[in-house]
There are 2 protein chains.
Amino acid sequence: MVESIVEKIVKGDVRTAARLIRDIDNGVQGTREILKALYRYTGKAYVIGITGAPGVGKSTVVDQMVRGLRKNNKTVGVLAIDPTSPLSGGAILGDRIRMQRHSLDDGVFIRSLATRGQFGGLTQSTRSAIDVLDAMGKDYIIVETVGVGQDEIDIARSAHTTVIVVVPGMGDHIQVIKAGIFEVGDIFLVNKSDRPDAAKTLSDLRAMIDITSRRFKQAGWEPPVLLAEAINNKGIVELLDEIEKHRRSRKALPRESIVRHKKAIARMELMDMIKSRLVQETLSRIADSLEFKKCLDCIVDGTKDPYSACDELLSTKLNFREYESSE
Amino acid sequence: MVESIVEKIVKGDVRTAARLIRDIDNGVQGTREILKALYRYTGKAYVIGITGAPGVGKSTVVDQMVRGLRKNNKTVGVLAIDPTSPLSGGAILGDRIRMQRHSLDDGVFIRSLATRGQFGGLTQSTRSAIDVLDAMGKDYIIVETVGVGQDEIDIARSAHTTVIVVVPGMGDHIQVIKAGIFEVGDIFLVNKSDRPDAAKTLSDLRAMIDITSRRFKQAGWEPPVLLAEAINNKGIVELLDEIEKHRRSRKALPRESIVRHKKAIARMELMDMIKSRLVQETLSRIADSLEFKKCLDCIVDGTKDPYSACDELLSTKLNFREYESSE
């Protein structure tokens with residue numbers, strides 16, 4: 001059963017892939033076994049992260065990028081990460097409709113992930129969905145995120161090239177809520193550049209980039225700041241060119257740096273996966289226990305403080321093997 | 001040592017409290033023992049959450065609230081949660097300077113928490129800092145958050161009254177990035193209400209509130225939508241009045257509902273605390289192990305997939321006691 005699903009996905013079967021991604025998003029049991037078997041078919045796709053606040057036109061940028069890549073006969077997978085807000089529902093729906101332009105093109109596969117990410121599940125489902133698209137044989141995978149919250153920074157961090165989209169005049173402090181997002185930007189795009197203040201936004205960004213440390217990215221790459229009007233398809237060819245340049249600059253690094261970078265990313269991803277499983281599985285085991293219920297009653301009637309309750313539950317319910325093997 | 005710190009804090013010693021909060025924020029070892037001992041002095045303060053996107057004027061609202069509460073001779077603690085963005089650094093700094101108006105008033109204690117919240121630590125440090133201010137004997141504790149990310153929703157959820165601040169014409173989708181924030185709003189405040197579109201924002205909000213489920217709050221309370229110009233101290237008296245109304249409506253609930261609500265909050269807080277400790281402690285133990293390093297090498301050279309590596313590490317390193325006592 002696992003094998004036949006894997007086979008179908010590797011052959012590019014859209015329905016099987018769509019079902020698997022939906023199951024991953026919903027946390028359906030059994031998807032891990034499929035992902036394990038699928039993993040050996042991954043590693044070929046180039047992953048591009050597109051990140052920016054709501055309203056900056058990310059979806060239009062992605063839409064035009066897809067057109068550009070398709071013109072060059074590249075296959076593309078798109079993952080749109082929606083921490084769905086009821087207020088923005090309309091806009092997102094509109095975006096999705098716009099994306100349907102590509103719905104008859106079987107070189108394009110577009111999916112939204114809606115995971116609320118209660119236990120950091122968003123990062124995990126996104127990475128797994130990337131694996132699925134990768135195994136399907138897509139040349140490029142574009143991951144579109146809103147760029148707020150640690151989850152989304154983590155997602156951006158594991159893309160090969162991360163593009164941060166901003167617009168002029170929205171108030172800088174609104175656009176880049178999390179400082180961390182700056183550190184992961186390889187390319188900055190000022191969209192809607194026909195608006196006033198575009199030049200100011202451009203120079204602000206350049207100044208920002210200079211003072212921000214970029215811990216996770218390679219040396220020798222100065223993040224360029226580009227102007228675009230995605231709605232009129234202006235600046236998109238240049239964006240794709242810069243992405244290719246960044247890709248080449250990655251490849252040109254000494255083997256040692258490539259391995260080191262690969263290892264840093266693998267480490268982060270493995271840590272995230274362990275964290276997510278720890279929380280999902282261990283936490284629910286603890287919360288289902290009688291001890292937990294007792295502790296809760298004691299906290300409510302004031303006979304126990306939550307700090308001690310937490311200590312107790314962790315020491316009763318969790319047990320570590322000896323670390324004899326840890327050197 | 002623990003006892004003398006506790007004693008000082010309960011007496012309201014500002015320097016000791018400030019140091020403890022800073023240590024909590026920095027994750028310094030040993031703070032848990034102090035928090036345990038301090039806990040029995042907590043539970044008297046009324047906690048107000050103020051949440052809204054950057055730029056809506058939260059700090060000005062808080063500043064005026066502090067003035068209003070001080071006029072009524074109430075003591076106030078303020079916790080400003082800063083997921084510090086380099087771009088907004090200036091604004092935040094400005095806010096802090098503005099808040100210094102109260103710096104000579106020893107009935108007011110203002111502190112910022114900057115925890116980046118790498119492992120969901122933000123929620124945890126904020127709750128602990130609330131405990132410290134509570135033990136100090138503050139009548140009111142105002143917790144100011146940016147309102148993005150699950151962390152901040154969780155913080156808002158454990159406040160007694162949560163106020164969501166918006167401004168007209170900023171684009172609704174920017175202001176309320178996370179849907180969840182709506183569910184936790186007890187009072188909505190349209191600040192900068194002299195701006196055009198204030199009426200539209202007001203009616204949009206009313207419509208939003210009607211369709212949003214409010215899982216975590218009590219029945220019988222219809223969240224009001226208020227207008228304010230905090231900078232001119234307009235609408236703040238009305239806001240404080242509504243907060244008192246909400247407080248009374250909470251108290252008027254049947255004892256059963258109060259206990260149920262208290263238990264739901266205690267449950268959420270205990271789960272968060274366990275989660276945070278699990279991740280902080282267990283994850284670092286796993287990551288420091290030789291097995292982890294071996295797995296990482298295998299992933300990088302392609303001989304193992306991360307899904308299997310994760311399974312292995314969790315089963316080698318973690319061991320559960322039998323659940324004989326879990327009914």
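A few remarks follow.
- Residue in region B:265-288 that is surrounded by the fewest Cβ atoms within 10 Å (Cβ to Cβ), counting only those that are over 27 Å from B:Glu312 (Cβ atoms) and more than 7 Å from chain A (Cβ to nearest Cβ): B:Met268
- Pairs with Cβ under 8 Å, 6+ apart, first in region A:257-272 and without any contact (Cβ under 8 Å) to a residue 60 or more places away in the chain, second part of a helix (DSSP H, G or I) and aromatic (Phe, Trp, Tyr): A:Leu270/B:Phe292
- Output for region B:282-308, where each listed residue is in a helix (DSSP H, G or I) and among the polar types (S, T, N, Q): B:Thr282, B:Ser284, B:Ser308
- Residue within region B:11-18 that is in contact with a Gly (Cβ under 7 Å, 6 or more places away or on another chain) and assigned by TED's automatic domain parsing to the domain that holds B:Thr75 present: no
- The criterion of at least 2 residues that are closer than 19 Å to A:Asp106 by Cα and either out of contact with any helix residue (DSSP H, G or I) (no Cβ under 8 Å at 6 or more places or on another chain) or at pLDDT 95 or above (or both) is met, among helices (runs of 4 or more DSSP H) falling completely within region A:1-61, by A:2-10, A:14-25.
- Only residues that are over 22 Å from A:Thr60 (Cβ atoms), at pLDDT 85 or above and more than 11 Å from chain B (Cβ to nearest Cβ) were counted across region A:101-128, and they come to 1.
- B:Gly235 meets all of the listed conditions (1) surrounded by 17 or more Cβ atoms within 10 Å (Cβ to Cβ); (2) modelled with pLDDT of 90 or more; (3) facing chain A (nearest Cβ under 7 Å) but one, namely (3).
- Among the residues of region B:180-204, the ones that are buried (at least 21 other Cβ atoms within 10 Å of the Cβ) and either more than 14 Å from B:Val166 (Cα to Cα) or at pLDDT 80 or above (or both) come to 11 in all.
- Selection count, region A:238-264, where residues are assigned to a helix (DSSP H, G or I) and away from every other protein chain (no Cβ under 14 Å): 14
- Filtered residue count, region B:235-251, keeping only those that are within 20 Å of the chain's Cα centre (by Cα) and among the polar types (S, T, N, Q): 0
- Total residues in region A:33-44, condition without any contact (Cβ under 8 Å) to a residue 24 or more places away in the chain and loosely packed, with under 15 Cβ neighbours inside 10 Å: 1
- Residue check for A:Ile258: of a type outside the set (Phe, Trp, Tyr) and either closer than 30 Å to A:Arg32 by Cα or surrounded by 19 or more Cβ atoms within 10 Å (Cβ to Cβ) (or both): yes
- Taking the criterion of being without any contact (Cβ under 8 Å) to a residue 24 or more places away in the chain and either on the phi > 0 side of the Ramachandran plot or acidic (Asp, Glu) (or both), the residues of region A:228-254 that qualify are A:Glu238, A:Asp241, A:Glu244.
- Note on region B:19-38: residues that are acidic (Asp, Glu), within 14 Å of another protein chain (Cβ to nearest Cβ) and over 12 Å from A:Tyr307 (Cα atoms) amount to 0.
The values are calculated or read from the model by the stated rules, or taken from the named source; none is laboratory data. From a predicted model like this one, the values you see are computed outputs, not experimental measurements. Every residue, glycine as well, gets a Cβ built from its backbone with ideal geometry; the counts of neighbours run over all protein chains shown.
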